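Below you'll find the structure, written out as structure tokens, and then a few comments.
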Amino acid sequence: MANMPKGPLPSMSACHMKQNKLFRKTSTLYILMGIVTCIGMSMQCVMMPSFPAYIYSVSETENEIFRYLSTAYQIWLVIIIWVHTYCTEVIFVVAAGSLTHCLENLSYKGSVVMANRQCDVPNINDVLIRNWAAFEGKSKGGSALGQEDKMNSAQEQRKEQQVSKAGYNQETYYLAHVVQNVVDIQYALDRYKDVEGVIDNINNSFGRMLFNHMSVYMSLMCTLFYTPIRYGVTIPFEGSLLFSIIAIFYCVRLFIFFPAMGRINVLSQTFTESWMEGLRHIPKGKYAYEFYMHKLESCRKLAFDAGGFYLMQKGTVLTFVSIVTTHVIVLLQLY
């Protein structure tokens, strides 16, 4: 520790930075939507206390104290709802992003299906070496890039010297490559089981809560779209604008939440397809090839489960929108 340079340490993990960025971005968006909603609802409660959606509308008397209490209760209720929404959706979006990133790292990088999903994260040892080299180069006022190139060339020369001293031939290299491929695929399958266990625990613990959350979500969206359309003439323009803005916020949340939760299903399929391409390094007909092909085919597709009623996939958002649209049309025809 005494030999470590002073000052802020360089970044050690691009994965960690990516998840931090996702959390900050999602949190900022949800906090902004919550603040705008709370301010809008508070203004409408003060200006239109007798609106049918508010508690004060059930009162038959003009009681100022009851109006203030009902307004305070409505504001407190909106804050509680948005805090619950933030804690539920933001945490699940970030958790889903972390799990999908794990599957990206576990997938076979040399496959065609991973051509557009390359994880820009080198080995942790390379990260440490390059970061410290860059840090020392900047602290000395020199060029960190030149030192990094010299270090890479020195490592390549050292590897070539080791290969020439060992006297490896092409057949030995091929066998070593096959063995390394078997080790990599076994490690990926073991870690895939770990990710599968995490998702199963999440589904068992929070599946029913997610279903209840999305059911209330659907009913609120129907109300928010139905109210300004049905009562657009009787409601003042400010009220219709407020309901329209909140409805748009709900749509934004919808197109953030379901695609983020559904990516785990896509990445689990990509994992299997990538390693099936990775099996080309093992000769067909061999026991190892048949064994790992069977294990890959038996890998279960991963998905977040909403209480056993439906699986969250990317296309679920379109189903959700169609259900809300259908219910709004039915409400407009009946009432």
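The values are calculated or read from the model by the stated rules, or taken from the named source; none is laboratory data. No experiment lies behind these values; they were computed from the predicted model shown. Note that each Cβ is placed from the backbone with ideal geometry, even for glycine, and that neighbours are counted across all protein chains shown. Side chains included, ligands, DNA and RNA excluded: accessible areas come from the protein's heavy atoms. Shrake-Rupley method; radii C 1.70, N 1.55, O 1.52, S 1.80 Å.
Which net charge results for the neighbourhood of V317, defined as the other residues with beta-carbon distances under 14 angstrom from its beta-carbon, given Lys and Arg at +1 and Asp and Glu at -1?
Residues close to V317 contribute a combined charge of +2.
Look at the dipole of the range 239-335 built from charges on Cβ: of L318, V266, L296, the Cα furthest out on the positive end belongs to L296. Each principal axis of the range 260-317 carries a Cα extent, and these read 43, 18, 11 Å when sorted largest first.
A 1.4 Å probe, protein heavy atoms only, puts the accessible area of K21 near 140 Å².
Rounded to the nearest whole Hz, the Karplus-based 3J(HN,Hα) values (6.51 cos²θ - 1.76 cosθ + 1.60, θ = phi - 60°) of the range 93-108 follow the sequence 5, 5, 4, 5, x, 5, 5, 5, 5, 4, 5, 4, 5, 7, 5, 6, with x at glycine and proline. Once the gyration tensor of the Cα atoms in the range 233-335 is diagonalised, the equivalent ellipsoid follows with semi-axes of 48, 14, 9 Å, ordered largest first.
Quick one: which of K21/K295; K18/K284; K109/K295 span more than 30 angstrom between C-alpha atoms?
On the way: K21/K295 35 Å; K18/K284 39 Å; K109/K295 19 Å.
Checking Cα-Cα distances, K21/K295; K18/K284 exceed 30 Å.
Rolling a 1.4 Å probe across the protein heavy atoms gives the range 239-335 an accessible surface of 50 Å² per residue.
Take the Cα of Y86, step 7 Å toward its Cβ, do the same at C251, and the gap between the two points is 2.5 nm. Label-to-label distance for R191 and A288 is 1.9 nm, based on points extended 7 Å past Cα in the beta-carbon direction. The residues Y217, Y68, Y231, sorted by heavy-atom accessible surface at 1.4 Å with ligands and nucleic acids left out, run Y68, Y231, Y217 from largest to smallest. Subtracting the Cα-Cα distance of M209 and T326 from 0.36 nm times their residue separation leaves 39.7 nm of extension gain.
Only protein heavy atoms count here; under a 1.4 Å probe, L224 has an accessible surface of about 20 Å².
So for the range 182-236, taking the charge dipole from beta-carbon charges (+1 Lys/Arg, -1 Asp/Glu), which of L189, P236, M209 sits furthest toward the positive end? Most positive-ward Cα: P236.
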